[in-house]
1. What is the magnitude of the charge dipole of region 156-257 about its Cα centre, with +1 placed on the Cβ of each Lys and Arg, -1 on the Cβ of each Asp and Glu, and no other charges, expressed in debye to the nearest 20?
2. Where does each of Val97, Val21 land when they are ranked from fewest to most other beta-carbon atoms within 10 angstrom?
3. What's the local net charge at Asn87, with K and R +1, D and E -1, over the other residues with C-beta under 14 Å away?
4. Quick one: 3J(HN,Hα) in Hz for region 176-192, Karplus 6.51/-1.76/1.60 with θ = phi - 60°, rounded, Gly and Pro as x.
5. Just rank Trp149, Trp222, Trp86, fewest to most, by other beta-carbon atoms within 10 angstrom.
6. I'm a student and want to see the number: the projected area of the Cα convex hull of the chain, averaged over all directions, in nm².
7. Where in region 109-146 are there chymotrypsin sites (Phe, Trp or Tyr not before Pro) that are in a DSSP coil and have at most 15 other Cβ atoms within 10 angstrom of their Cβ?
8. In nm, to one decimal, how far is the Ser152 label point from the Val269 one, both placed 7 Å along Cα→Cβ?
Amino acid sequence: MKAHIKRKTAIDIAFYILLIVLSLVFIFPYLFMVNKSLSSELLVKRTLVPFFPWGWDQDGLVWCRPTFAAYRNIFAGKYNYLKNTWNTLKIVLFNMVAVPLSASVVAYGFAKLEFFGKKFLFALMISTLLLPSMVLQIPQYILFTSIGWGQSAKPLTWPNLLGGGAMNIFLVRQFMRSIPKDLDEAAKIDGAGPFMRYALITMPLCVPILIYLLVGTFNGYWSDFFGPLIYLNVKDEYTLAIAIFRDFNSNYKMTEVPNGMAAGVFMSVFPAILFFLFQRRLIDGVMITGMKG
């Protein structure tokens, strides 16, 4: 018995050591990015750049300390990404409301209501997941351009009021199917209509999956590059991802390394905060979604 406990303890220790090593490997690039964002221009000119943001300059004459100059540059100095951040937030905040709301409305119809052709329409919607997004880019661009949306952020926002995406509808529908039908039937007997049952009964019970959609929507549109690259051609309308790409894609010098790393850190901060705040909700949403087919 003691030998079994010792063996199990040894296995657990080895497992945790492996997890720690893997965690360090995965987090190393991010730590490197943070450290380089705090490095001075003198330090990054060195042939062998140190990992930590302090040390002697290339000639060994000046001791370089961590500095926040790169963060000042991206917010109020050379680059000033405040306008681009606001452009990104407008798109993100709109979609954080539009995607969960419209997806839940459509999912409620598929999960709780009965109507002619429901299974066919649901299968047709799911089949759209088989279409690669790249195949749809040109037809969508032609469509949006023909109605006057070609040079604006409207293609990135308004279409999400029409369902929020097939995968999101599927996830919410699966979650709603795990809610007991007795609740819906009892409200129906009491005279509640479909919209009242949706708003007062089903929606409050769908908080885990709705939070999952909120976080996923934020991450998707906060870091979205391809969509804004197609539709936003005016500099004042650039999102953060496009502005950073335009500034650091060409004529990149070693002295710009701290600025580029600081921009990368800023881009990653908000998704990381959301994940740590809602990680329990995210896991619960995914687990409960798969409980009933």
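1. 180
2. Fewest to most other Cβ atoms nearby, the residues stand as Val21, Val97.
3. +2
4. Rounded to whole hertz, the list is 5, 5, 7, 7, x, 5, 4, 5, 5, 5, 5, 5, 5, 5, 6, x, 6.
5. Details: Trp149 19, Trp222 22, Trp86 11.
Least crowded to most crowded, the residues run Trp86, Trp149, Trp222.
6. 24.2
7. Details: sites: Phe110, Phe115, Phe116, Phe120, Phe122, Tyr141, Phe144; in loops: Phe115, Phe116.
Answer by residue number: Phe115, Phe116.
8. 3.2
Computed from the coordinates by the stated procedures, all read-outs in this text should not be read as laboratory data. The model shown is predicted, which means the values in this text are computed figures rather than measured ones. In this analysis, Cβ positions are derived from the backbone assuming ideal geometry, glycine residues included, and neighbour counts consider all displayed protein chains.
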